[in-house]
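Heads up: the structure comes next, in structure tokens.
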2 protein chains.
Amino acid sequence: MPAFHFEVLQQKGRARRGRYHTPHGSFETPCFAPVGTRAAMKGITPEQLRGTGSELILANAYHLFLRPGHARIKRCGGLHRFMAWDGPILTDSGGYQIFSLSHLSRVDDQGVSFQSIIDGSEQRLTPELALEVQRDLGPDIAMVLDECPPGDADPDRVQQAHQRTLEWARQAREIHRRWGDSERGQALFGIVQGGPNPELRISAAQELRELDFDGYAIGGLSVGETKAQMEIALDAAVDELPGNKIRYLMGVGTPEDFRRAISAGVDLFDCVTATRHGRNNQAFTRAGTLKLRNQQYAEDLRPLDAGCACYTCQQFSRAYLRHLAVSGEMLAGILLSLHNLHYFQDLMREIRADIEGG
Amino acid sequence: MPAFHFEVLQQKGRARRGRYHTPHGSFETPCFAPVGTRAAMKGITPEQLRGTGSELILANAYHLFLRPGHARIKRCGGLHRFMAWDGPILTDSGGYQIFSLSHLSRVDDQGVSFQSIIDGSEQRLTPELALEVQRDLGPDIAMVLDECPPGDADPDRVQQAHQRTLEWARQAREIHRRWGDSERGQALFGIVQGGPNPELRISAAQELRELDFDGYAIGGLSVGETKAQMEIALDAAVDELPGNKIRYLMGVGTPEDFRRAISAGVDLFDCVTATRHGRNNQAFTRAGTLKLRNQQYAEDLRPLDAGCACYTCQQFSRAYLRHLAVSGEMLAGILLSLHNLHYFQDLMREIRADIEGG
């Protein structure tokens with residue numbers, strides 16, 4: 001048995017209940033993975049994060065490549081030791097960040113040159129270097145470098161990015177095999193791009209399937225297209241992906257997005273929504289989103305969500321959380337992030353139970 | 001036995017090893033009390049705070065009077081329930097903040113008028129209102145309103161503030177007795193003022209002693225005077241205070257200050273140093289203060305302090321903490337605050353053991 005593998009435990013329609021095994025333990029799917037971009041969850045300790053029911057977390061290779069540097073993290077014992085998270089970790093390759101954060105990125109067939117968002121320095125990432133970076137970081141799951149054109153890119157640009165992403169995926173698969181990284185316990189996932197175009201999604205999924213990745217991500221969605229476009233593109237990709245491999249919808253999203261995508265056959269999600277909304281004083285609840293700065297909560301003694309077992313809901317009233325939010329106390333963002341993370345994990349637990357229920 | 005009382009368990013020179021009992025449990029002395037100014041420790045949950053070994057915490061009546069308002073906190077069940085801290089709480093009356101934070105404060109014999117730091121609104125606090133505020137907040141220990149002239153005030157101003165503070169203390173003691181608040185389980189502490197002048201300190205301590213407070217604070221030190229002046233003023237006050245009552249040195253300070261003041265007979269301290277230094281990326285250690293942004297820690301795999309059992313030292317390297325600090329991650333301030341609080345509590349544990357050791 002390889003160090004990492006995916007088990008489909010149950011299926012209901014296209015929705016799957018599964019388990020993904022890694023050298024740092026397994027995670028249950030459908031899974032929501034919180035994002036610790038710079039090897040840290042904003043304001044949340046690993047111990048608190050564990051308490052939200054989170055099993056897999058994300059970190060971002062782009063940010064860590066720029067600072068503190070992958071070689072440094074390797075010398076510090078790798079990402080797990082560095083950030084004190086002993087569960088599974090997935091790193092994004094940095095493609096998305098290069099194209100969305102860096103000014104003046106210039107892509108060619110061999111790689112992409114860009115300016116560091118930290119100091120403006122000239123940087124370059126290639127499919128091979130993206131793997132080197134992730135080999136040094138040492139996550140359980142690495143991602144291939146991909147080109148992510150903006151949501152409003154013209155069809156030629158989308159087509160070109162599609163071809164380049166596939167060529168980079170071929171290179172990455174070959175290099176990863178040559179290095180024996182799969183055997184050393186690092187999975188490599190391919191990324192299906194293709195914008196809102198179902199034909200491109202289908203051909204990308206088919207070609208990546210041939211390359212036999214350890215898992216398949218679907219990128220470039222939830223970037224401005226309509227919900228209907230997203231569903232068509234998602235269905236097109238999922239239909240072509242192998243049934244025995246995990247499917248990961250990158251950067252999505254909200255509770256409604258999760259349900260829809262899981263019904264379409266997606267197993268894994270990551271998103272900053274839970275923590276970002278928390279820092280913006282917004283709480284997800286079974287009764288909708290609460291904006292905690294609102295006057296209406298000033299003496300509301302109820303917890304955020306009466307059905308929630310999280311630390312925040314067990315200990316604090318909306319009135320207190322509003323006081324923290326209005327006073328600009330750091331603790332507001334922390335307690336709301338903890339609740340939102342727990343809420344997202346509760347949602348995943350409920351969905352998993354639904355699928356098990358048949 | 002009243003709900004709150006002080007036991008002197010052991011004495012070594014003038015240093016005392018004691019225990020203060022409150023309706024929300026006891027705390028061991030010498031005691032360091034962390035400060036949660038606005039009914040929140042900055043970035044730290046009550047659960048994490050408990051993990052640092054903290055027993056008594058402070059909140060500030062001035063800030064809570066202005067926002068969210070004492071009546072609101074009362075309607076929310078009082079401070080303990082509001083902020084989910086079930087241990088002892090002490091509230092500062094607000095005197096210090098009025099004189100240090102508010103522009104244009106105008107003091108007269110009946111009270112002090114000042115502008116709110118939140119919205120510039122005109123506010124007024126009297127000795128009676130300061131007690132009403134604290135009765136609504138419901139801490140275990142309330143403080144009388146005092147006048148705190150600046151460290152460089154001329155002798156006339158210091159003398160006048162001294163007289164006024166004593167008159168206010170008499171009023172407060174009488175009102176507190178009339179309300180029966182001691183019986184309901186709220187202790188009231190008097191505050192010895194007098195600037196660097198030992199004669200004023202002596203007369204203040206003598207007069208307050210006559211009023212038979214439940215404990216005695218020494219205020220207006222560590223505000224710019226020399227260490228020698230502070231020691232003289234402190235000794236003068238302590239000598240006149242009753243031996244069976246707790247002694248609290250307000251707003252002090254650093255580990256060196258603690259040792260010196262405990263040797264002089266002080267039992268209780270509060271200070272924002274631990275958390276403020278933490279948020280400024282500074283760690284207290286047995287080997288001195290570390291400034292975590294420094295390049296020298298970039299690959300330093302040691303914990304902050306090898307002798308420390310705190311969560312931060314058990315889980316994270318200096319290299320990781322530097323990465324967080326340089327990256328501006330909230331988690332830097334949180335982990336460093338947790339360490340500093342634990343370090344201060346360790347220091348108190350060591351000092352208590354020293355006194356017990358004889």
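What to note about this one:
- Scanning residues 5 or more positions from B:Leu9 or on other chains, those with amide H under 5 Å from its amide H are B:Arg17, B:Gly18, B:Arg19, with H placed 1.01 Å from N in the peptide plane.
- Efficiency of FRET between A:Ser100 and A:Gln160 - r from beta-carbon atoms, R0 22 angstrom, step 0.05: 0.80
- For region B:1-67, the spherically averaged projection of the C-alpha convex hull amounts to 6.1 nm².
- Most mobile of A:Ala153, A:Ala237, A:Ala325 in a GNM of chain A (Cα contacts under 10 Å): A:Ala153
- Pairs with C-alpha atoms separated by more than 26 Å, drawn from the list A:Lys12/A:Lys42; A:Lys42/A:Lys74; B:Lys42/B:Lys245; A:Lys42/B:Lys42; A:Lys42/A:Lys227, are A:Lys12/A:Lys42; B:Lys42/B:Lys245; A:Lys42/A:Lys227.
- With a cut-off of 13 Å between beta carbons, the residues surrounding B:Met41 carry a summed charge of +2, where Lys and Arg count +1 and Asp and Glu -1.
- Within-15-Å neighbourhood charge of B:Ala353 [Cβ basis; K, R +1; D, E -1]: +2
- Given charges at beta-carbon only (K, R positive; D, E negative), |dipole| of chain B in Debye: 1020
- Residue-count net charge about B:Glu147 - beta-carbon cut-off 13 Å; Lys, Arg +1, Asp, Glu -1: -1
- For region B:183-223, the fraction of alpha-carbon pairs in successive 5 Å shells from zero, as %: 6, 25, 27, 20, 12, 6, 4, 1
- Among the trypsin sites (Lys or Arg not before Pro) in region B:137-208, those placed in a DSSP loop whose Cβ has at most 12 other Cβ atoms within 10 Å are B:Arg184.
- A:Gly43 long-range amide H proximity, modeled H, under 5 Å: B:Met330, B:Leu331
- Probe 1.4 Å - accessible area at A:Cys271, Å² to nearest ten: 10
- With all pairs of different C-alpha atoms in the average, the Kirkwood value for the hydrodynamic radius of region B:35-167 is 15.5 Å.
- Listed residues A:Glu199, A:Glu7, B:Glu28 arranged by accessible area, highest first, probe 1.4 Å: A:Glu199, A:Glu7, B:Glu28
- DSSP bridge analysis restricted to region A:47-126 gives an antiparallel fraction near 65%, rounded to the nearest 5.
- At 7 Å out from Cα toward Cβ: B:Arg209 inter-copy label distances (nm, ascending): 9.1
- Summary for A:Gly180: label point 7 Å along Cα→Cβ; distances to the equivalent points in the other copies, ascending, 8.3 nm.
- Estimated from helical segments only, the mean residue ellipticity of chain A at 222 nm is -13000 deg cm²/dmol, where each DSSP H run of four or more residues counts as -39500 (n - 2.57).
- Two-decimal log10 I(q)/I(0) for the protein assembly as shown, as the Debye equation yields it once each C-alpha is a single scatterer, q = 0.05, 0.08, 0.11 Å⁻¹: -0.31, -0.71, -1.08
- Residue by residue, region B:30-45 carries 3J(HN,Hα) couplings of x, 10, 10, 9, x, 10, x, 2, 9, 6, 7, 7, 5, x, 10, 7 Hz when phi is fed to the Karplus relation 6.51 cos²θ - 1.76 cosθ + 1.60 (θ = phi - 60°); x denotes Gly or Pro.
- Semi-axes of the equivalent ellipsoid of region A:82-149 are 23, 13, 10 Å, computed as sqrt(5λ) over the eigenvalues of the C-alpha gyration tensor in descending order.
- Candidates A:Gly288, A:Gly94, A:Gly69: whichever shows maximal mean-square fluctuation once chain A is modelled as a Gaussian network with Cα springs under 10 Å: A:Gly288
- Whether region B:253-329 is rounded, prolate or oblate, judged on the alpha carbon gyration tensor where a/c under 1.5 counts as rounded: prolate
- For A:Ser121, inter-copy label distances in nm, listed shortest first [label point 7 Å out on the Cα-Cβ vector]: 5.2
- Stretching the chain fully between B:Lys227 and B:Ser263 yields a gain of 11.5 nm (0.36 nm per residue, less the alpha carbon separation).
- In this structure A:Ile232 has an accessible area near 100 Å², from a 1.4 Å probe over the protein heavy atoms.
- Rolling a 1.4 Å probe over the protein heavy atoms of the protein assembly as shown, with every protein chain left in place, gives an accessible area that is 47 percent carbon and sulfur.
- FRET efficiency, 1/(1 + (r/R0)^6) with R0 45 Å, evaluated for B:Asp108 and B:Lys12 via beta carbons: 0.50
- Label-point gap, in nm, between B:Ala306 and B:Ala3 - each point 7 angstrom along Cα→Cβ: 4.9
- Bins of 5 Å from zero: percent of alpha-carbon pairs in region A:213-358: 2, 9, 18, 18, 16, 12, 10, 8, 4, 2, 0
- Rolling a 1.4 Å probe over the protein heavy atoms leaves A:Arg50 with an accessible area of roughly 100 Å².
- Remark: the protein assembly as shown carries a charge dipole of roughly 540 debye about the Cα centre, counting +1 on each Lys and Arg Cβ and -1 on each Asp and Glu Cβ.
- Alpha-carbon spread of region A:67-107, three principal axes, descending order, Å: 36, 20, 13
- Rounded to the nearest 10 degrees, the angle from helix B:227-240 to the longest Cα principal axis of chain B is 50 degrees.
- Normalised convex hull volume, chain B, alpha-carbon set, Å³ per residue: 136
The values are calculated or read from the model by the stated rules, or taken from the named source; none is laboratory data. This structure is a prediction, so every number in the text was calculated from the model and none was measured. Reconstructed Cβ throughout: ideal geometry from the backbone, glycine too, with neighbour counts over all protein chains shown. All accessible areas refer to the heavy atoms of the entire protein, side chains included, with ligands and DNA or RNA removed. Shrake-Rupley method; radii C 1.70, N 1.55, O 1.52, S 1.80 Å.
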